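Student: One structure, pasted below without further comment.
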Amino acid sequence: MPRFRRTALAAGLTIAMAALSTAVALPAPASAALPTAAVALGDSFISGEGAGAYTPVVDVNGVAQGFPGWTAANNNAFFCHRSANASLNKANLPGIQNRFNLACSGGQPRDIATASAAREKGRTVAAQIDQLRAVAQTQDIDLVLIGLGSNNSSFTFGSVAEKCANRFIADAWTGWWEFWAYLGGPVEQKPCSDADLATAAQVSAATAETIAAVRQLLTTLNQVDADGQHRVVFQDYTNPLPLDLNPQFHEEDSRDDTRDKFRDLGAERYAAGCPIHRASLAPGHRFSQGLGTIVKTTRDTLAAEFPSNDLVYLNVQQAFNGARLCEQTTSPTGSLATPIRLQDGATGTFVTSLAGKDKLDIQRIANTCVSYFQTCQESWHPNAAGHQVLGQCLAGAATTAARAVSCVRAGNGTISVS
């Protein structure tokens with residue numbers, strides 16, 4: 001056969017095969033399914049603050065930060081305090097293969113889309129949305145737990161707790177309040193009122209801020225999730241203190257907290273984990289309910305904007321019933337929250353008793369918390385047992401058919417989600 005005829009034949013076969021492959025496309029190899037994942041975002045009640053067993057946290061430079069020492073700068077990424085005992089890690093979540101805790105203690109709405117390091121007192125971690133994108137590259141995100149709103153541009157949980165505890169201690173140890181000059185003047189010696197914690201205008205501003213941040217989060221999640229199918233659980237907050245203290249903590253040495261000075265009572269309540277005026281408790285619970293309203297309003301608003309998304313509100317305000325600090329005579333033993341604990345210098349050793357302390361002792365101990373916030377930041381957060389309970393709450397919210405559920409602790413300690 002002449003060369004030109006062989007060449008033409010070969011060319012014809014090539015064209016025919018090309019036409020065949022175009023008409024009947026061969027199936028592409030099936031891609032391996034990504035492992036399923038649950039992700040936590042938000043602030044300290046989600047990260048696991050108070051639960052111990054804190055794991056290294058990758059900072060904005062891609063370096064995993066382990067415990068840097070008690071005198072390190074508090075903006076260190078490690079102090080996000082992501083705990084192996086956090087509720088995400090303790091929840092029974094059938095079908096979930098991997099879990100990623102991206103929350104950070106002290107997290108604010110702005111930290112969702114902006115690096116936390118960009119704001120005052122922020123930690124050196126990337127924006128939580130950017131961390132979420134990284135997870136989505138290798139995981140099919142099926143469940144997201146988010147807790148946001150207790151810290152915002154108007155107020156923070158830490159500042160509220162500090163204000164009310166400081167007032168009680170100042171009242172109990174009358175005369176030592178001048179050592180708290182770092183707060184801008186003498187500490188008030190009266191119980192906290194509703195207006196002291198958060199005004200209606202502040203709650204409104206915090207709500208708008210939270211909605212805007214979570215809107216960005218949901219938009220990103222819808223873009224990066226492998227199959228577009230995921231449930232988002234909006235968890236609110238539980239108060240570490242009861243509506244009233246156990247009668248054992250009402251007075252000491254025939255003095256209650258309406259007196260001018262009551263050091264023995266102050267020391268007793270500090271040891272039990274609840275240095276607080278009894279009259280501050282009701283405003284504190286109304287503040288907690290206000291935080292719940294922020295979270296629920298955020299969920300409801302965004303459910304209307306994202307009608308195809310699976311969004312569930314998880315109310316945990318009664319999850320610690322009967323086991324709050326100073327609710328039982330054994331407090332803090334048996335409580336589900338961490339007591340307020342300070343250090344006398346950044347030593348790692350907590351002061352468990354203020355009995356016999358004088359003004360200079362109090363000044364020195366207080367200044368440790370101011371200089372090294374990590375020495376006291378666990379105070380009044382769920383402890384490991386508390387996060388175990390919150391994990392049960394999450395497990396219920398992860399499978400419910402309802403759009404809003406409450407997690408309640410009964411008198412016998414059982415947890416129900418309905």
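The values are calculated or read from the model by the stated rules, or taken from the named source; none is laboratory data. Only a predicted model underlies this, so the values are computations on that prediction, with no experimental measurement involved. Using ideal geometry, Cβ is built from the backbone for each residue, glycine included, and neighbour counts are taken over all protein chains shown.
Student: Considering segment 30-51 alone, what residues qualify as being crowded, with 17+ Cβ neighbours inside 10 Å and among the polar types (S, T, N, Q)?
Tutor: Taking segment 30-51 and keeping what is crowded, with 17+ Cβ neighbours inside 10 Å, we get 34, 36-51.
Selection gives 36, 44, 47.
Student: Across segment 98-116, what is the total count of residues that are buried (at least 19 other Cβ atoms within 10 Å of the Cβ), within 12 Å of residue 210 (Cα to Cα) and aliphatic (A, V, I, L, M)?
Tutor: 1
Student: With the condition kept exactly as written, say whether any residue in segment 226-244 is buried (at least 23 other Cβ atoms within 10 Å of the Cβ), of a type in the set (A, V, I, L, M, F, W, C), farther than 18 Å from residue 311 by Cβ and touching a residue at least 12 places away in the same chain (Cβ under 8 Å).
Tutor: There is at least one residue in segment 226-244 that is buried (at least 23 other Cβ atoms within 10 Å of the Cβ), of a type in the set (A, V, I, L, M, F, W, C), farther than 18 Å from residue 311 by Cβ and touching a residue at least 12 places away in the same chain (Cβ under 8 Å).
Student: Kindly list, by first and then second residue, each pair from a residue in segment 349-370 that is of a type in the set (S, T, N, Q) to a residue that is in a loop (DSSP other than H, G, I, E, B) and surrounded by fewer than 19 Cβ atoms within 10 Å (Cβ to Cβ), limited to pairs with Cβ atoms under 7 Å and residues at least 6 apart or on different chains.
Tutor: As it stands, the answer is 368/344; 368/345; 368/346, since those pairs meet every condition given.
Student: Here is a further query. Would you mind finding the one in 144, 125, 135 that is in a helix (DSSP H, G or I), at negative phi and at pLDDT 95 or above? Full working, then the answer.
Tutor: Values: 144 fails: in a helix (DSSP H, G or I); 125 fails: in a helix (DSSP H, G or I).
After ruling out the rest, the residue left standing is 135.
Student: Can I ask one more? Of all residues in segment 87-122, how many are in a loop (DSSP other than H, G, I, E, B), of a type in the set (S, T, N, Q) and over 24 Å from residue 159 (Cα atoms)? Steps first, please.
Tutor: Keep residues of segment 87-122 that are in a loop (DSSP other than H, G, I, E, B), which gives 91-97, 102-108, 112-115, 119-122.
From what's left, of a type in the set (S, T, N, Q): 92, 97, 105, 108, 114.
With the extra rule that they be over 24 Å from residue 159 (Cα atoms), the set shrinks to 92, 97.
Residues flagged as in a loop (DSSP other than H, G, I, E, B), of a type in the set (S, T, N, Q) and over 24 Å from residue 159 (Cα atoms) within segment 87-122 amount to 2.
Student: Identify, please: which residue in segment 147-161 is part of a loop (DSSP other than H, G, I, E, B), small (Gly, Ala, Ser) and on the phi < 0 side of the Ramachandran plot and is, among those, surrounded by the most Cβ atoms within 10 Å (Cβ to Cβ)?
Tutor: We begin by selecting, within segment 147-161, every residue part of a loop (DSSP other than H, G, I, E, B); these are 148-156.
Now restrict to residues that are small (Gly, Ala, Ser): 149-150, 153-154.
Subsequent filtering for residues that are on the phi < 0 side of the Ramachandran plot retains 150, 153-154.
Details: 150: 27, 153: 13, 154: 14.
Here the answer is 150.
Student: Step by step: first the residues of segment 181-212, then only those that are part of a loop (DSSP other than H, G, I, E, B) and surrounded by fewer than 16 Cβ atoms within 10 Å (Cβ to Cβ), then the one that is modelled with the lowest pLDDT. Which residue is that? First the steps, then the outcome.
Tutor: First pass over segment 181-212, keeping only residues part of a loop (DSSP other than H, G, I, E, B): 184-193, 198-199.
Those left that are additionally surrounded by fewer than 16 Cβ atoms within 10 Å (Cβ to Cβ): 184-186, 190, 193, 199.
Values: 184: 47, 185: 56, 186: 63, 190: 92, 193: 96, 199: 95.
The selected residue is 184.
Student: Need pairs with beta-carbon distance below 6 Å; first residue free of Cβ contacts under 8 Å to residues at least 60 places away in the same chain and within segment 37-57, second acidic (Asp, Glu); sequence gap 6+ or separate chains.
Tutor: Pairs found: none.
Student: Now for a separate question. Go through 269, 299 for me and flag whichever is in contact with a Lys or Arg (Cβ under 9 Å, 6 or more places away or on another chain), surrounded by 20 or more Cβ atoms within 10 Å (Cβ to Cβ) and part of a helix (DSSP H, G or I). Before the answer, list the steps.
Tutor: Working: 269 fails: in contact with a Lys or Arg (Cβ under 9 Å, 6 or more places away or on another chain).
Only one candidate qualifies: 299.
Student: Still on this structure: Could you grab me the full set of residues in segment 216-263 that are assigned to a helix (DSSP H, G or I) and at pLDDT 95 or above? So that I can check it myself, show each step before the final result.
Tutor: Residues of segment 216-263 assigned to a helix (DSSP H, G or I): 216-224, 247-249, 263.
Correct list: 216, 217, 218, 219, 220, 221, 222, 223, 224, 247, 248, 249.
Student: Evaluate segment 226-239: report whether one residue or more is aromatic (Phe, Trp, Tyr), under 16 Å from the mean Cα position of the chain (by Cα) and closer than 30 Å to residue 401 by Cβ.
Tutor: Within segment 226-239, the first condition is being aromatic (Phe, Trp, Tyr), and the residues that meet it are 234, 237.
This time we only want the ones that are under 16 Å from the mean Cα position of the chain (by Cα), so: 234, 237.
With closer than 30 Å to residue 401 by Cβ added as a condition, the list becomes 234, 237.
Yes, there is a match, as at least one residue in segment 226-239 is aromatic (Phe, Trp, Tyr), under 16 Å from the mean Cα position of the chain (by Cα) and closer than 30 Å to residue 401 by Cβ.
Student: Ok, one more. Give me the pairs, please: first residue somewhere in segment 295-317 and closer than 21 Å to residue 416 by Cα, second residue anywhere and of a type in the set (Ser, Thr, Tyr) and assigned to a strand (DSSP E or B), beta-carbon distance under 9 Å, and either six or more positions apart or on two chains.
Tutor: 295/313; 296/313; 314/406; 315/406; 316/406; 317/406
Student: Report, by residue number, each residue of segment 52-89 that is surrounded by fewer than 23 Cβ atoms within 10 Å (Cβ to Cβ) and among the charged types (D, E, K, R).
Tutor: 59
Student: Ok, one more. Suppose we filter segment 96-143 for residues that are among the acidic types (Asp, Glu) and within 18 Å of residue 75 (Cα to Cα); how many remain? Steps first, answer last, please.
Tutor: Step one: of segment 96-143, the residues among the acidic types (Asp, Glu) are 111, 120, 130, 140, 142.
Now drop any that are not within 18 Å of residue 75 (Cα to Cα), which leaves 111, 120.
Matching residues across segment 96-143 total 2.
Student: With the condition kept exactly as written, say whether any residue in segment 313-329 is in contact with a strand residue (DSSP E or B) (Cβ under 7 Å, 6 or more places away or on another chain), of a type in the set (Phe, Trp, Tyr), surrounded by fewer than 18 Cβ atoms within 10 Å (Cβ to Cβ) and in a strand (DSSP E or B).
Tutor: no
Student: Quick one: is residue 371 of a type outside the set (Phe, Trp, Tyr) and under 17 Å from residue 45 (Cβ atoms)?
Tutor: On the way: of a type outside the set (Phe, Trp, Tyr): yes; under 17 Å from residue 45 (Cβ atoms): no.
Taking the combined requirement at face value, the residue does not satisfy it.
Student: Determine whether residue 69 is over 16 Å from residue 372 (Cβ atoms), assigned to a loop (DSSP other than H, G, I, E, B) and modelled with pLDDT of 95 or more. Break it down into steps so the answer makes sense when it comes.
Tutor: Values: over 16 Å from residue 372 (Cβ atoms): no; assigned to a loop (DSSP other than H, G, I, E, B): yes; modelled with pLDDT of 95 or more: yes.
Criteria not met by residue 69.
Student: Of all residues in segment 117-138 being without any contact (Cβ under 8 Å) to a residue 24 or more places away in the chain and small (Gly, Ala, Ser), which is surrounded by the fewest Cβ atoms within 10 Å (Cβ to Cβ)?
Tutor: By that ranking, first place goes to 118.
Student: So, one more: Do we find that residue 406 is surrounded by fewer than 21 Cβ atoms within 10 Å (Cβ to Cβ) and touching a residue at least 40 places away in the same chain (Cβ under 8 Å) in this structure? I'd like the intermediate steps shown before the answer.
Tutor: On the way: surrounded by fewer than 21 Cβ atoms within 10 Å (Cβ to Cβ): yes; touching a residue at least 40 places away in the same chain (Cβ under 8 Å): yes.
Here the answer is yes, as residue 406 does meet what is asked.
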